[in-house]
1. On the given criteria, is B:ALA458 open to solvent by 20 Å² or more (accessible area, probe 1.4 Å), part of a helix (DSSP H, G or I) and of a type in the set (A, V, I, L, M)?
2. Within segment B:563-579, does at least one residue satisfy the condition of being surrounded by 19 or more Cβ atoms within 10 Å (Cβ to Cβ), outside any strand (DSSP E or B), at pLDDT 85 or above and β-branched (Val, Ile, Thr)?
3. Looking at B:GLY335, B:GLY410, B:GLY388, B:GLY340, can you tell me which residue is among the small types (Gly, Ala, Ser) and in contact with a strand residue (DSSP E or B) (Cβ under 7 Å, 6 or more places away or on another chain)?
4. Considering only residues that are of a type in the set (Lys, Arg) and modelled with pLDDT of 90 or more, which ones fall in segment A:113-147?
5. Just one of (1) of a type in the set (D, E, K, R); (2) away from chain B (no Cβ under 14 Å); (3) assigned to a loop (DSSP other than H, G, I, E, B) trips up A:ARG218, so point out which.
6. Is it true that A:LEU295 is more than 10 Å from every other protein chain (Cβ to nearest Cβ) and of a type outside the set (S, T, N, Q)?
7. Which condition number does A:VAL291 fail, the rest of (1) in contact with a Leu (Cβ under 8 Å, 6 or more places away or on another chain); (2) of a type in the set (Val, Ile, Thr); (3) open to solvent by less than 20 Å² (accessible area, probe 1.4 Å) being met?
8. Looking at the structure I just gave you, is A:LEU241 within 20 Å of the chain's Cα centre (by Cα) and either charged (D, E, K, R) or surrounded by 14 or more Cβ atoms within 10 Å (Cβ to Cβ) (or both)?
Amino acid sequence: MISRAERTVVGEWWWTIDRLLLGALAALMIIGIVLALAASPPVAARIGIPDPFHFVNRQVMFLVPALIILLATSFLSPRNIRRIALVLFLFFLALVCATLVIGPEVKGARRWLNIASVTVQPSEFLKPSFVIIAAWLFSESVRRPEMPGQFLAIGLLGMVVTPLVMQPDFGQTMLVSLVWGSLFFLAGLRIVWVVGLAGIGASGLFIAYKTVPHVTQRIDRFMNPDSGDTYQIDLSINSFLNGGWLGQGPGEGSFKKVLPDGHTDFIFAVAGEEFGAVLCLMIASLFAFIVLRALSRALNDEDPFVRFATAGLAMLFGLQSCINMMVNLHMMPAKGMTLPFVSYGGSSLLSLAYGMGMLLALTRRRPRTATLAELERLGTRLGAPMPRPA
Amino acid sequence: MSIVSSLSAPAIGRGLLRLPHALLRGLLAIVRAAFGRGRPEPHAVARARIVLCMIVFGGVYLAIGGRLAMLASAPEGAVARRIVATDAVASARPDIVDRNGLVLATDVKSASLYGEPRRLIDVDEAVEALTAVLPDLDANELRQRLSTDRGFIWLKRDITPQQQREIHNLGLPGIGFMTENRRIYPGGTLGAHVLGSTNIDNQGIAGIEKWVDTRGLSDLHLAGFATDRQQEPVELALDLRVQHVLRDELFAAKEKFKAIAAAGTVVDVRTGEIVAMASLPDFDANDPARSLDPKNLNRLTTGVFEMGSTFKALTFAMALDSGRFNINSTLDARGALSFGRFKISDYHAENRVLTLPEVFLFSSNIGTAKMALSLGVDAHKAFLAKAGQLDRLRTELPESAMPIVPKRWGEVNTATIAFGHGLAVAPLQAVMAVNALVNGGYLIPPTFLKRTREEAMALGTPIIKPETSAKMRYLLRLNAEKGSAKKVNVPGFYAGGKTGTAEKVINGRYSKTRLLTTFTGVFPMDNPQYLVLVMLDEPQPVEGTYGFATAGWNAAPTTGKIISRIAPMLGIMPRTDVPPAESLLANTTLARVQ
């Protein structure tokens, strides 16, 4: 089936896909199931679900469509990625706006939608398609300086950030803005503007700190643990301390029994307690590998769109993982963010599968001629005079 | 591995040496490309900036790895102490001992009761059961606190083993005990001002206790490293026996002379070590709340006073040291000294020309002021600054007071400050200066910690000549033989000293009846070792003082009693025959501290 002799679609996919990247993602998913087995039964017991493996079953159940999405997306060509992303972007942007109107209020925020008894967080799905659209606009601005790609990109950010701030969801807002800013930076933003944007970001954070009480609290608590209840983060740190290098052993953790969100935002701490720093280091290295590998692919790709899209997806993934791990380790203020593929969460899993599927598709080895043909078609002027395709 | 082993060692060494240089050059190239001026080729900019992003991500992941490794290699038992640190649970403190190793402060373990509302199953049951064992817990408040969603609350600190056993037997989930350290001061009131206090979390909040914390103990706690294992005790200069005598005599004097307050200290003049320090009214160190009462402040370090005639000793030392005056100088003390509407007169007015020792013995304000004036305002100011009287004196105690120095310092100020009015200093500050007058001339900052002579000499700065110091000893001894300090001349200890009676400022005027009397005694005068300061606030004339309330009648005899009791403890035996004061002048070889 995957012989080099015959050119089948699957065969071509197998030989061009970045198999190491694929392997790393698969490893993360497997670790996710193992950790769900460790972390979620106590959570289920605490919130009164009779089946201790409720969350594990659901995680596995969601993995099936996730895998399908991941693989299916990885077959797409860059042009189709762009098209699908545009459709999905508009669709989910509409849904995000809908949460403001018809979403149920949970803990003071409207972030979810109940669709046929399934709770969906549309902002999760919005992120990857947003990155693709932003990458496309930035690549256009590089390709054709006469096109107002950068202005459109600024408008795009505004379109996405406004409903997110209104939800309110500062975690996603921060994530989306950071990725967008990084793409702008890659697209050759002048240093003056880099400084300016950083200033705007910092003042945005400062305004949030001054005006939004729970942001104030979280930052205060990080700076000075005595200023409030640091129960969750204390438990998290205790989990790591209790785990040591090799962990207490599967099922032997004790802090996980009381750690809130142990199956989602704080699964890294549960991993630390039961399997020790060794597994945590492995997880961190897997993330680092995926991010750095994807970025190095972006480095070597000549198509600006592919480059920016790859880098954007990698950074989205990387930022999310870094923020989650750093919160768990008390290296930054508490911020609700899941650990990609490892934390429990249906919306997040499917959206990640979509994002990483695109990453796989974009990092596939394409014949240089195909790239050049594509660039030619778009009339790009690269720095060097373009060789005519043979 | 195989590649590495196939290389020769020097080659690897050279490679390693070149590595940082190459890395730096590469980084510089990337940064230059990423931030290049003008508008370079977008392709190159994007590439360089992606590399920059990779470096940043790599760094963040490395930091995460580092933090993981740090937590993983934290010592065993760090888990419990992490709760300890965040909830500021009482943590172990080192013992504080006196100079002979007697315990002044130590930790005692006791159980404290806490609740974890989140884990509690039946709040009502818990409230009922707990209030049955601990009737002083307020049931309503308890119910309210246990009904919250908090992870941890203290219910009662420091419960008895009996109560702990009973609560343990209740078997309530979400209710637990934590062993805490509580600070105990076996001496009670003894040295309470010096020791300070700790709060319920066993953190030092005043006195030496706070000093111990600022010396790194609190950092140690935060890092979770302060453990129950025996910590090196903190050795103070204090001598518990001397401390007891000092407080005992001060207490008796305060009662006898109906003073509102009494304070005193014993200091080793050769090292600056504070061997005893007491300030009455005082408080039990085990009851730290009472230390906050302003009446109970440590008058020697946190109060400032116009020291009265005690300050004359400084003026004399300055005058003698300048060379302008000697023991045979004479001063005209006829008639009061006038500065506009101010008039300086003598309490024991002689109205004649006095010799310099006479000025000292009669405590002549006029003579002393004239001496200071003849040297000039600037010299006077410079000398007092050199003697540490114009700046805040800092010791190990976190509490200290700033001297009150006149903003505009003219001749009239010099004249009054010369005899101890118009400049308010912390008494310990004056003690430091008088030490220097008798110990050969070295100003040594006082300390509450043990210190050797060598350490003291390394810290000391000479402020007067050794010969001047010898003359000051003579004057102080002479004063005890013939002057106002006769009551300190307890047989055999060869003490000397200077009285000081300052009129207190009441409503902006000096009061004739409300006095602050001080006595600064030193013994033995032929080889001074200890200084005793006694201060009485508003002593009254009582039976046996013939209507006087000046220092010579109350502070001086109290000092005498203290000296006769503490000298043997400090290894100074009474002598049957003592040399006359004049021998001190002849024997300048003794001038230097031995």
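The values are calculated or read from the model by the stated rules, or taken from the named source; none is laboratory data. What you see is a predicted model, and the numbers here were worked out from it, not measured in a lab. Heads up, the Cβs are rebuilt from the backbone with ideal geometry, glycines too, and the neighbour counts pull from every protein chain shown. For the accessible areas, the whole protein counts, side chains as well, though only heavy atoms, and no ligand, DNA or RNA atoms are used. Shrake-Rupley method; radii C 1.70, N 1.55, O 1.52, S 1.80 Å.
1. So B:ALA458 passes the test.
2. Yes: segment B:563-579 contains one or more residues that are surrounded by 19 or more Cβ atoms within 10 Å (Cβ to Cβ), outside any strand (DSSP E or B), at pLDDT 85 or above and β-branched (Val, Ile, Thr).
3. Working: B:GLY335 fails: in contact with a strand residue (DSSP E or B) (Cβ under 7 Å, 6 or more places away or on another chain); B:GLY410 fails: in contact with a strand residue (DSSP E or B) (Cβ under 7 Å, 6 or more places away or on another chain); B:GLY340 fails: in contact with a strand residue (DSSP E or B) (Cβ under 7 Å, 6 or more places away or on another chain).
Being among the small types (Gly, Ala, Ser) and in contact with a strand residue (DSSP E or B) (Cβ under 7 Å, 6 or more places away or on another chain) holds for just one of B:GLY335, B:GLY410, B:GLY388, B:GLY340, which is B:GLY388.
4. Step one: list which residues in segment A:113-147 are of a type in the set (Lys, Arg), which gives A:127, A:143-144.
Of everything in segment A:113-147, just one residue is of a type in the set (Lys, Arg) and modelled with pLDDT of 90 or more, namely A:LYS127.
5. (3)
6. no
7. (1)
8. So A:LEU241 fails the test.
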